Amino acid sequence: AQSVTQLGSHVSVSEGALVLLRCNYSSSVPPYLFWYVQYPNQGLQLLLKYTTGATLVKGINGFEAEFKKSETSFHLTKPSAHMSDAAEYFCAVRAQGAQKLVFGQGTRLTINP
Amino acid sequence: DGGITQSPKYLFRKEGQNVTLSCEQNLNHDAMYWYRQDPGQGLRLIYYSQIVNDFQKGDIAEGYSVSREKKESFPLTVTSAQKNPTAFYLCASSPSGSTTDTQYFGPGTRLTVL
C-alpha cells in the first residue's frame, strides 16, 4: 500500500529565506510523485510532478523537487520565499498501475515579513 | 476558457437531508474524481470514474453516491447516511486516468450541516 508522510504540519520562514517542505513516501513499486499548492478556500494547483527521467524536477513559481529513491523522499524547495508563497502544500504519490492518488496531510507554509 | 466548475461554493444542509454537489468540466477529460478535505487530514478519495456510465468507490464512499451519465458531468450526492458530512469537497479530472496524468481540481464546495 502506498502512503505519504509530510514532516511538519506548519512551516514558517522569513521572506527571502529558503523554503524546504519535506515529503517521504512508501510504495512497493516505483511511484509517480506530485506536489500541489492550495490557497485558502480554493482548489489544488499542480506545482510539479516526477514520472520518469531526470530526478530534479522544476515547477512553477520557482519551486523544484528532487526524487531520491534511496531515501524515499521528494522534498520541495524554493531558494527565496515570497509573501505570495503562503499557502498549504500537498505531496501525493501514485504507484505505477494504481488508480488512486494518495495525498499527504499537507504542510501550511507561513511567510514572515 | 477550459476548466472545472463546482457549484455552489457554499452549501448549507439540515440533518437528514440529501444534497447534490455539481461538478462540470469542459476539458474533454475521461476521468473524474471526488475528494473530501478535512482540516489536518489531507484529501481522501470518495469516488472516481474513468469512463461514462462507470464509476468506482474510493476510500470513503459510505454515505455518498455518484452518477456519470455525461462525460463532462460527475455530480456527487451526500446522503443522510453520511454521519459527518461537514467538509470541503473537491472535484478533479484527468485526461485518461493514466497513472502519470495530472489531476486538475475545481474550486471546491464547502458543505455545512446545521
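Some values worked out for this structure:
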{"quantity": "Ellipsoid semi-axes in whole angstrom, largest first, where each is sqrt(5λ) of the Cα gyration tensor of chain A", "calculated": "24, 14, 12"}
{"quantity": "Proximal aspartates and glutamates to B:Lys83, defined as alpha-carbon separation beneath 13 angstrom and excluding residues fewer than eight positions away on the same chain", "calculated": "B:Glu15, B:Glu62"}
{"quantity": "Convex hull volume of chain B per residue (C-alpha atoms, cubic angstrom)", "calculated": "98"}
{"quantity": "Calculated P(r) tail over 27 Å for the protein assembly as shown, as whole % of Cα pairs", "calculated": "33"}
{"quantity": "Filter on A:Lys100/B:Lys14; A:Lys49/B:Lys70; B:Lys9/B:Lys71; A:Lys69/B:Lys71; A:Lys69/B:Lys57; A:Lys49/A:Lys69 - keep pairs with C-alpha separation over 26 Å", "calculated": "A:Lys100/B:Lys14; A:Lys49/B:Lys70; A:Lys69/B:Lys71; A:Lys69/B:Lys57"}
{"quantity": "Average beta-carbon neighbours from other chains, 10 Å sphere, peptide A:95-105", "calculated": "5"}
{"quantity": "Proximal aspartates and glutamates relative to A:Lys58, as straight alpha-carbon distance under 13 Å, when same-chain residues fewer than 8 apart are discounted", "calculated": "A:Glu66"}
{"quantity": "A:Val29, A:Val11, A:Val37, A:Val4 arranged by Cβ crowding within 10 Å, fewest neighbours leading", "calculated": "A:Val29, A:Val11, A:Val37, A:Val4"}
{"quantity": "Selected from A:Asn41, A:Asn24, A:Asn61 as most flexible by GNM, with chain A as the system and alpha-carbon contacts under 10 Å", "calculated": "A:Asn41"}
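Every read-out reported here was derived from the displayed coordinates using simple, explicitly stated rules and does not represent laboratory data. Computed from a predicted model, the values in this text were never measured in an experiment. Backbone-built Cβ (ideal geometry, glycine too); neighbour counts: all protein chains shown.
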